[in-house]
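What follows is a single structure, written as structure tokens, with notes after it.
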Amino acid sequence: MSRGIKPQPITMKSQRVGAAYLQQLLPADKPAGLSLIAATSRHERFVFELKKAAEREAVTQVFGWDEALQYQLHFTEWQECLPLLILMDGTPIGSVLLETMEPKFQPTEEQDSAKLPHSYFSRFFLFPQWQGRGIGSAVLRAVIAWADKAHRPCCLTYLQGNPVSGLYRRFGFETITEDSQFVTMVYYPNTKTIL
């Protein structure tokens, strides 16, 4: 780094991968009736109830459940970017968010590689009664297909004790950091060198 030049902090801009695009990447053998749509403002309370149903036990084990705090965290995320809804036969049963992350300027070699262009996978929830039916696997296969096609690593974070870790490992995600509260994993795309 040149003397006298203060490094510019890296800020990221994000953009949600659209429902129609991700829908096209769902596998041919997906469960019948599975589709994705963009959430709208009227779905905000539904998504919070979904989060509670899918994540309350893990949150309680790690932090204890504080309804007001959990709603505040949910609403902050909601305002930043609305997720997609996972539907079965037109009925919302889950949510997912896949975002592209781009630095607002080109990072230098000295700066953290985590700030390089990548994607972030989050808010992946299904109501418990819909789990174990291949729905989550089909959505995750679409996310993996997107990462492979875009040639972008895909990162995710989940709470310790959440049984979803086996699913992510099965799909090629690798643990990159872990502490007493969170596990962060990354999927590296299947890129081939073209000679």
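The values are calculated or read from the model by the stated rules, or taken from the named source; none is laboratory data. Keep in mind the model is a prediction, meaning the values are calculated, not measured. Here Cβ is always computed from backbone atoms with ideal geometry, including for glycine, and neighbour counts include all displayed protein chains. Side chains included, ligands, DNA and RNA excluded: accessible areas come from the protein's heavy atoms. Shrake-Rupley method; radii C 1.70, N 1.55, O 1.52, S 1.80 Å.
Just a few scattered comments:
- Scan of the range 39-83 for residues that are β-branched (V, I, T) and surrounded by 11 or more Cβ atoms within 10 Å (Cβ to Cβ), ordered by number: V47, V59, T60, V62
- From T108, T100, residue being surrounded by fewer than 15 Cβ atoms within 10 Å (Cβ to Cβ) and at pLDDT below 90: T108
- Of all residue pairs spaced 6 or more apart or on separate chains, those with beta-carbon atoms under 8 Å, a first member in the range 71-98 that is touching a residue at least 40 places away in the same chain (Cβ under 8 Å) and a second member that is of a type in the set (D, E) and open to solvent by 10 Å² or more (accessible area, probe 1.4 Å) are C81/E99.
- Residue count, the range 117-163 (criterion: on the phi > 0 side of the Ramachandran plot and buried (at least 18 other Cβ atoms within 10 Å of the Cβ)): 1
- Whether a residue is at pLDDT 95 or above, acidic (D, E) and in contact with a helix residue (DSSP H, G or I) (Cβ under 9 Å, 6 or more places away or on another chain) was assessed, and E49 does not pass this test.
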